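A short reminder: the numbers here are calculations on the coordinates, not readings from a lab. Just so it is clear, the structure is predicted and the values come from calculations on it, not from any experiment. Here Cβ is always computed from backbone atoms with ideal geometry, including for glycine, and neighbour counts include all displayed protein chains.
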Amino acid sequence: MQDLIKRMLIELGENPDREGLVKTPKRVDRAMRFLTSGYSADIDEMLNGALFSVDYSEMVIVRDIDFYSMCEHHLLPFFGKCHVAYIPNGKVIGLSKIPRLVDIFARRLQLQERLTNQIANTILDKINPLGVAVVCEGTHLCMAMRGVEKQNSYTITSAMLGAFRDQSRTRMEFLELLKLSKVGGGAFGVGSAGWSAGSGHSEAESEE
């Protein structure tokens, strides 16, 4: 890959041998391999048995998960927040595994629409919940730096499966909880958090 990057610098009119660029091919090689490391990640190995039998059937939400990905059309970054909810059907997934699952799919050449669906479908496949909902909010540098050059626009994508697709009340509860979490800098606190939503709202313990 380093030879290709050096050739690209030449095509752009740069001198790859000047001081500031001598190590650029190596740095870009290392960065790109990290940013696309999701291709080689093993989801089952990442989960590492963190699927637990639990007598609980209320909504579980992990919100405000930061993600960084690369647009497959222009190889420019897009980034934002991901919110994941599911309704257990006898099994739950360790909360710390959900952000890691987001990272696995984000660290690929992606479309935000595909990223959203892959997260939802994987959770559906691994624990067969009553329903899964995923919402991603992303800023795309391919829109901000080039093309239409709209710096303040962002894209929202959603995947609703099972009860979230079939039952409008369940879907609206999830969307209302996301809306509430943004009021006053976060009604449920600051940063990424896991929540269980039943008759009330209580913080769920994280599993490392």
Using only Cα atoms, find the angle between the long axis of helix 2-11 and the longest principal axis of the chain, and express it within 0 to 90 degrees, rounded to the nearest 10.
60 degrees
In region 4-131, with Lys and Arg counted as +1 and Asp and Glu as -1 at Cβ, which of these residues, Ser37, Tyr56, Ile98, has the Cα nearest the positive end of the dipole, that is, farthest along it?
Ser37
Computed magnitude of the charge dipole of the chain (debye, nearest 20; Cβ of K, R +1, Cβ of D, E -1):
520 debye
extent check for the chain: Cα max minus min per principal axis, descending, whole Å, gives 64, 38, 29
Net charge near Lys23: determine it from the other residues with C-beta under 15 Å of the C-beta of Lys23, scoring Lys and Arg +1 and Asp and Glu -1.
0
Hypothetical label at His73: residues of region 106-132 whose amide nitrogen lies under 18 Å (7 Å Cα-Cβ projection):
108-117
For the chain, find the longest principal axis of its Cα atoms and tell me its angle to the long axis of helix 97-106, 0 to 90°, nearest 10.
40 degrees
Share of antiparallel DSSP beta bridges in the chain, in percent to the nearest 5?
95 percent
For the Cα atoms of the chain, what angle does the longest principal axis make with the long axis of helix 112-127, in degrees from 0 to 90, nearest 10?
40 degrees
Please work out the C-alpha center-to-center distance from region 57-90 to region 157-173 and express it in whole Å.
16 Å
Could you list log10 I(q)/I(0) for region 47-106 at q = 0.12, 0.24, 0.26, 0.28 Å⁻¹, which the Debye formula gives when each Cα is one point scatterer?
-0.37, -0.98, -1.07, -1.16
Once you've got the GNM for the chain with C-alpha springs shorter than 10 Å, pick whichever of Ile61, Ile98, Ile43 has the biggest mean-square fluctuation.
Ile43
If you build a Gaussian network model of the chain, linking Cα atoms that sit under 10 Å apart, which residue out of Glu14, Glu58, Glu137 swings the most?
Glu14
Give the calculated FRET efficiency between Lys179 and Ser57 to the nearest 0.05, with a Förster radius of 22 Å applied to their Cβ-Cβ distance.
0.40
Note, Ile43: beta-carbon cut-off 14 Å, +1 each Lys/Arg, -1 each Asp/Glu, net 0
Listing Ser69, Ser57 by rising number of other beta-carbon atoms within 10 angstrom, fewest first, gives Ser57, Ser69
